[in-house]
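I have placed the structure first, in the form of structure tokens, so that the comments after it can refer back to it.
Readers should treat all values here as calculations from the given coordinates under stated rules, not as data from a laboratory. Treat the numbers as computed from the prediction; the structure is a model and nothing was measured. We place every Cβ from the backbone using ideal geometry, glycine too, and count neighbours over all the protein chains shown.
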Amino acid sequence: MKAINSRFLVRIGNTTFFQVVSYVAVVIFIANLNAMVDAVLHPDIPYFDEEHLIVGGVTGLVCSILFGLLVLYAAKLRKALLTIRVLEDYLPICSGCNKIRRPGADSSLPESWLPLEYYVMEKTNTRFSHGLCPQCVAKLYPEYSPEIYLDKDLLG
């Protein structure tokens, strides 16, 4: 139940509508903070006093600008993180034997290179079961392959 609630909150928190409503609510709260404090500490000063309007307006304007800059910076960071994730998705693979180089490993060391199957098994829960496709059966074991797969174009 807790995992469902946290996923729901994350999904809502990422919506533009929720972000705008939160942004506006925080700006309004901060703009009215001076008047709210004076309402408690100095009840004789009216809530909509000229000083409260000026201080609240300036505070709200400055807060809006700072929050706007923060939102732009967060969007820039999010884009950079997405770019990093895309770049991390590139796998260094040997074009001869299809072995994968471990991330950050020295490419000149033989132990830095793993067979594709081991790399995938190490990174995921995937397990491999080997077999032969019809073209490889025709190429490697022509005596066991049906005549359909003995097409010259398939053998390369």
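Which of Ala31, Ala138, Ala39 moves most in a GNM of the chain, Cα contacts under 10 Å?
Ala138
What are the ³J(HN,Hα) couplings of segment 45-62, residue after residue, when phi is run through the Karplus curve with 6.51, -1.76, 1.60 and θ = phi - 60°? Round to Hz, x for glycine and proline.
Ordered by residue, 3J(HN,Hα) equals 7, x, 4, 9, 5, 4, 5, 5, 5, 5, 4, x, x, 5, 4, x, 5, 5 Hz.
Please give me the summed charge of the neighbours of Leu114: other residues whose Cβ is under 12 Å from its Cβ, Lys and Arg +1, Asp and Glu -1.
Value of the local net charge: +1.
Note down the nm distance, to one decimal, between modelled labels 7 Å out along Cα→Cβ at Leu72 and at Tyr47.
In this crude spin-label approximation the distance works out to 3.5 nm.
Would you check the chain for Lys pairs whose C-alpha atoms are within less than 30 Å, ignoring same-chain pairs closer than 8 in sequence, and give me the count?
Working: Lys2/Lys79; Lys2/Lys123; Lys76/Lys123; Lys79/Lys123; Lys99/Lys123; Lys99/Lys139; Lys99/Lys152; Lys139/Lys152.
Taking the chain as the scope, the lysine pair count is 8.
Excluding Thr59 itself, what net charge comes from residues whose Cβ is under 14 Å from its Cβ, given Lys and Arg +1 and Asp and Glu -1?
Values: positive: none; negative: Asp38, Glu51.
Combined, the nearby Lys, Arg, Asp and Glu give -2.
Nearest 500 deg cm²/dmol is fine: what mean residue ellipticity at 222 nm does the chain get from its DSSP H runs of n ≥ 4 alone, each adding -39,500 (n - 2.57), divided by its residue count?
-20500 deg cm²/dmol
Connecting C-alpha atoms closer than 10 Å in a GNM of the chain, tell me which of Ile100, Ile12, Ile65 has the biggest fluctuation.
For the chain, modelled as a Gaussian network with Cα springs under 10 Å, the answer is Ile12.
Which chymotrypsin sites (Phe, Trp or Tyr not before Pro) from segment 52-130 combine a DSSP loop assignment with at most 12 other Cβ atoms within 10 Å? Before the final figure, lay out the partial values.
Working: sites: Phe67, Tyr73, Tyr90, Trp113, Tyr118, Tyr119, Phe128; in loops: Tyr90, Phe128.
Answer in residue order: Tyr90, Phe128.
I'd like to know which of Ser112, Leu53, Thr16 lies farthest towards the positive end of the charge dipole of the chain, counting +1 on Cβ of Lys and Arg and -1 on Cβ of Asp and Glu.
Ser112
From the Cα gyration tensor of segment 67-138, with a ≥ b ≥ c the square roots of its eigenvalues, which class applies: rounded if a/c is under 1.5, or else prolate if a/b is larger than b/c, or else oblate? If you can, show how the numbers build up before the last one.
Values: a/c = 3.29, a/b = 2.21, b/c = 1.49.
It comes out prolate by the Cα gyration axes.
Read through the labelled values (1) -0.42, -0.59, -1.15, -1.28; (2) -0.80, -0.92, -1.14, -1.18; (3) -0.51, -0.72, -1.32, -1.43 and report the label of the one computed as log10 I(q)/I(0) by the Debye sum over Cα atoms at q = 0.11, 0.13, 0.18, 0.19 Å⁻¹ from the structure.
Comparing each candidate, only (2) matches the computed number.
Using only Cα atoms, find the angle between the long axis of helix 16-41 and the longest principal axis of the chain, and express it within 0 to 90 degrees, rounded to the nearest 10.
30
Work out from phi, with θ = phi - 60° and the Karplus expression 6.51 cos²θ - 1.76 cosθ + 1.60, the ³J(HN,Hα) of each residue of segment 105-113, listed in order in whole Hz, and give x for Gly and Pro.
Each residue of segment 105-113 in turn: 7, 6, 5, 8, 8, x, 6, 6, 9 Hz.
Where in segment 84-119 is the amide nitrogen less than 19 Å from a point lying 7 Å along the Cα-to-Cβ axis of Val10?
Counting only backbone N, you get 84-86.
Treating only the Cβ atoms of Lys and Arg (+1) and Asp and Glu (-1) as charged, compute the dipole magnitude of the chain about its Cα centre; round to the nearest 20 debye.
On the way: 14 positive and 15 negative charges, 113 e Å.
It comes to approximately 540 debye.
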